[in-house]
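One structure is given below, encoded as structure tokens.
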Amino acid sequence: MKRLFGKKEAIDVEEALHTYGDMVYRLALVQMKNRSEAEDVFQEVFLRLVRYKDRIDGQEHLKPWLIRVTVNCCRKQFDSAYRRRTVPIDREIGEEQSYEMDTPGNPVYDAVLGLPDDYRSVIHLFYYEQYSVREIAEILELSEAAVKTRLSRARGKLKNTLKGEYASAGTV
């Protein structure tokens, strides 16, 4: 939508929460692999939206802005000194995986979760959020070639992982 007379289109935070909340939460959950940390990231993203909504250039920029802020918040969370010094209680107890999602035991999704962060991000945005390579490059501030390379390498890792998964099950 064009801006008239230099005015920005107003961002309704509540509408953005209803429209994009699930997407932000899923992306945070994929990155953090832990429900409580994903909820913390989710809250931080929407707090930033409340704080900076006047800086967003309208609805067409809102979704990419939310994705970029979610990825940045996840990275910030990973880099925090607190996170490096603590061990989640579920790991101390011996639970195999702290990731909680509606698709438990899905070997494809489990394989995606096993990817390094950079590969997991592009796979999630490409396959789960249906973004093009160009859009992912803009969101993650990478070149299109870098996104294509990460997608290709991630697919290769997934292929090897899943080949081993299905070979051990006798279904290859």
Checklist outcome for this item: In whole Hz, the Karplus estimates of ³J(HN,Hα) for the stretch 136-145 (6.51, -1.76, 1.60; θ = phi - 60°; x where Gly or Pro) are 5, 4, 5, 5, 8, 6, 10, 7, 4, 4
Item to check | Calculated FRET efficiency for the pair Asp54/Lys148, C-beta based, R₀ 35 Å, to 0.05 | outcome: 0.50
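Here, each number is a calculation from the coordinates, and none is a lab measurement. Owing to the predicted nature of the structure, the values given are computational and were not obtained by experimental measurement. All Cβ positions, even for glycine, are placed from backbone atoms using ideal geometry, and neighbour counts span all protein chains on display.
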